[in-house]
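Asks: The structure's right below; bear with me while I get my questions together.
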Amino acid sequence: MKKLEGDLEGFVKQAENAAERIRNWVAQGEFIDIFTHNDADALSSAGIIAAALRREDARFRVRSLNRIDDFIELFNTGYVESKCIIFTDMGSGYTSELLPLLGNKSVAILDHHEPVQASLPPEWVHVNPHHYGFDGAREISASGVAYFVAKAMNPANVEYSPIAVVGALGDLQDKNTQRSLHGLNEYIVAEAVENKLLEVKDDIILYGRTFRPLHVSLAMTTSPYIPGISGNEQAAYSFLTSLGIEVKEGEQWRTLADLSEEEKKKLYNGLIEYLVSRNLPTTIANELIGKTYDLVKESVWTYLSDAREFATLLNACGKSGKAWAGILVAMGARSEALEEAQRILEEYRLSVARAMDYVSQPGVLEELSHIVVLKGGDVIDYRQVSSVASILSSSGLLPSDKPLIALANAGKTVKISARASKQLVDRGLNLGSILSRLGAQFGGKGGGHNIAAGAEIPYDHMIKFLAELDKAVGENVASSKGEVTHND
Ligand code: C5P
Ligand code: C5P
């Protein structure tokens, strides 16, 4: 494991402070409200904290929100009666909005978004890796932060270390040349491995690689997205047979795990040739090679044994308005909760596949001077536009020198999901700070990370907002040209 560059001791101390606060709330019999975002990392982080509270016999409830404005609305309708509130995967970027509402409450923010304000009331505790020199976009996610706090509450919570890994993978913190987790994430992985909860291997990263027929597995893989194969089982089947790879052994379908090393090489080389023949970047094939993270206590026949698939399951629940099922599964529930989550996943996959078909229609993508705009309108569900944006930005179908700005209607506002390539981030682009500034300027809200950010903007301001965003991205990249901010 590479030496950590941030202040681990300071970060752990702050996690312990938060744990002590939360334990005191429990000891005083306080009812605790947990609020979280709606993606896999959000559900994992809330699941870890909820499980830690359950272990302490605490009284609590969990609620997932699509955006920070939903919290403000709930607050204004009197929903938030409890004195003690925990935010996971949200809050750090919005302390100035939360302070006027919650100034007299006890609040714990366990988040990895870039913090905007340093001075908070003494009754608040804020655990954020950025305060200790760790990059919350790449080195630890909200689930990792929640895990450090949970473990400080009770060492037995080490059992949730694999869920912290699931959250980090859900946030695509493995998007590097080795498809592996780094920084504090690597520290958590090591703990999970040591406790015989996780197994890490080098492999081809296909969805359902241990139990699905190879062609199904290939077609189901969308991270990275392989144009012409992802979402198309027939095409995946023809591709494999054209390479001379046997898809069946007798009557039995073969899985990736059944392939010899020789056959895996053939598959990888075949993919490179396929991409070259279609004028697509070969980096797509490289993104299929890397570390796999398996939860050894889970059955290989479920979506839970591969941490990336577990994350997709949680994402599906959160982005279909059924976060409860995902949070229960993250907390350890199986049987009915898992069955429901798997059903939600099937529907979600169909919905995302329909959205990807729509994206390929003429006129849906529009290239401006410095950005590419995906006009999702009412066709793409606003809760799923972020998944579509992440998939599309891994497809090689977009120019790597312009960020993707994906839009979907959400009533009177437009939901925006922005994604940049690593090259653009290395050149200094910070989508999070641009969207935070422009969001406020146009009467909405925005924020996030340098590489992936989002916003909600009133529908009527969209045209002007996009023009300003185009300009701001151009200026941001031009002003920091040549600077390299990351180097992995
Ligand atoms: O709220 P939060 O930080 O958890 O969400 C980050 C989002 O950004 C996730 O939906 C993740 O999939 C996305 N992401 C991405 N590409 C990256 C890093 C993150 O699409 N390289
Ligand atoms: O929604 P989406 O996955 O595109 O969001 C990307 C990142 O931007 C996430 O980390 C999310 O928490 C953050 N975001 C934000 N403020 C918003 C919308 C998204 O901080 N208004």
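The values are calculated or read from the model by the stated rules, or taken from the named source; none is laboratory data. Since the model is a prediction, treat every value here as computed from it, not as a measurement. Neighbour counts are summed over all protein chains in view; Cβ atoms, including those assigned to glycine, are modelled from backbone coordinates with ideal geometry.
Asks: Are there any pairs with C-beta distances below 6 angstrom linking a residue in region 232-243 that is closer than 13 Å to Leu271 by Cβ to a residue that is part of a helix (DSSP H, G or I), with the two at least 6 apart or on different chains, and if so which?
Replies: Ala236/His215; Ala236/Leu218; Ala236/Ala219; Leu240/His215; Leu243/Lys266; Leu243/Gly270
Asks: Is it the case, given these coordinates, that Leu206 is away from ligand 2 (no atom under 16 Å from the Cβ), part of a helix (DSSP H, G or I), crowded, with 18+ Cβ neighbours inside 10 Å and at pLDDT 95 or above?
Replies: No, not satisfied.
Asks: Also, quick follow-up: State yes or no: is Phe71 out of contact with any Cys (no Cβ under 9 Å at 6 or more places or on another chain), surrounded by fewer than 23 Cβ atoms within 10 Å (Cβ to Cβ) and either within 16 Å of Met153 (Cα to Cα) or without any contact (Cβ under 8 Å) to a residue 40 or more places away in the chain (or both)?
Replies: So Phe71 does not fit the description; no.
Asks: Exactly one condition in (1) touching a Ser or Thr at 6+ places or on another chain (Cβ under 7 Å); (2) of a type in the set (D, E, K, R); (3) free of Cβ contacts under 8 Å to residues at least 24 places away in the same chain is false for Asp294; which is it?
Replies: (3)
Asks: Going by what's in this entry, would Tyr382 be described as outside the structural domain of Leu466 (by TED's automatic domain parsing) and within 16 Å of ligand 1 (Cβ to nearest atom)?
Replies: It is false that Tyr382 is outside the structural domain of Leu466 (by TED's automatic domain parsing) and within 16 Å of ligand 1 (Cβ to nearest atom).
Asks: Is it true that some residue in region 260-283 is buried (at least 18 other Cβ atoms within 10 Å of the Cβ) and among the polar types (S, T, N, Q)?
Replies: No: zero hits.
Asks: List, please: which pairs have Cβ atoms under 6 Å, are six or more places apart or on different chains, and start with a residue in region 182-196 that is on the phi > 0 side of the Ramachandran plot and end with one that is acidic (Asp, Glu) and in a loop (DSSP other than H, G, I, E, B)?
Replies: Listed pairs, sorted by first residue: Gly183/Glu139.
Asks: Is it true that some residue in region 163-179 is in contact with a Leu (Cβ under 8 Å, 6 or more places away or on another chain), without any contact (Cβ under 8 Å) to a residue 40 or more places away in the chain, within 27 Å of Lys319 (Cα to Cα) and within 11 Å of ligand 1 (Cβ to nearest atom)?
Replies: yes
Asks: Please verify whether Ser369 is among the small types (Gly, Ala, Ser) and surrounded by 19 or more Cβ atoms within 10 Å (Cβ to Cβ), treating the condition exactly as stated.
Replies: Judged against the criteria, Ser369 is not a match.
Asks: Only one residue in Asp401, Asp381 is surrounded by fewer than 24 Cβ atoms within 10 Å (Cβ to Cβ) and closer than 22 Å to Ala316 by Cβ, so which one is that?
Replies: Asp381
Matching residues to (1) surrounded by fewer than 22 Cβ atoms within 10 Å (Cβ to Cβ); (2) more than 10 Å from ligand 2 (Cβ to nearest atom); (3) of a type outside the set (Val, Ile, Thr); (4) under 23 Å from Asp39 (Cβ atoms):
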{"site": "Ser393", "(1), (2), (3), (4)": "no, yes, yes, yes"}
{"site": "Val414", "(1), (2), (3), (4)": "no, yes, no, yes"}
{"site": "Gln423", "(1), (2), (3), (4)": "yes, yes, yes, no"}
{"site": "Gly448", "(1), (2), (3), (4)": "no, no, yes, yes"}
{"site": "Tyr459", "(1), (2), (3), (4)": "yes, yes, yes, no"}
{"site": "Phe465", "(1), (2), (3), (4)": "no, yes, yes, no"}
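Asks: Right, here's the next one. Of the conditions (1) under 19 Å from Leu398 (Cα atoms); (2) at pLDDT below 95; (3) out of contact with any His (no Cβ under 7 Å at 6 or more places or on another chain); (4) not aliphatic (A, V, I, L, M), Arg419 clears all except one; give me its number.
Replies: Unmet condition: (2).
Asks: Looking for something under 13 Å from Phe465 (Cα atoms) and more than 15 Å from ligand 1 (Cβ to nearest atom) - is there at least one such residue anywhere in region 405-413?
Replies: The answer is yes, given that some residue of region 405-413 is under 13 Å from Phe465 (Cα atoms) and more than 15 Å from ligand 1 (Cβ to nearest atom).
Asks: Filter region 65-83 down to the residues that are assigned to a loop (DSSP other than H, G, I, E, B), within 16 Å of ligand 1 (Cβ to nearest atom) and of a type outside the set (S, T, N, Q) and list them by number.
Replies: If the condition is that a residue be assigned to a loop (DSSP other than H, G, I, E, B), within 16 Å of ligand 1 (Cβ to nearest atom) and of a type outside the set (S, T, N, Q), then Leu65, Arg67 are the ones that fit.
Asks: May I pose another question? So, of the residues in region 425-440 that are over 21 Å from the mean Cα position of the chain (by Cα) and on the phi < 0 side of the Ramachandran plot, which turns out to be farthest from ligand 2 (Cβ to nearest atom)?
Replies: Step by step, filter region 425-440, then rank; the result is Arg427.
Asks: Need the failing condition index for Gly443 against (1) more than 15 Å from ligand 2 (Cβ to nearest atom); (2) in contact with a Pro (Cβ under 7 Å, 6 or more places away or on another chain); (3) on the phi > 0 side of the Ramachandran plot, just the number.
Replies: (1)
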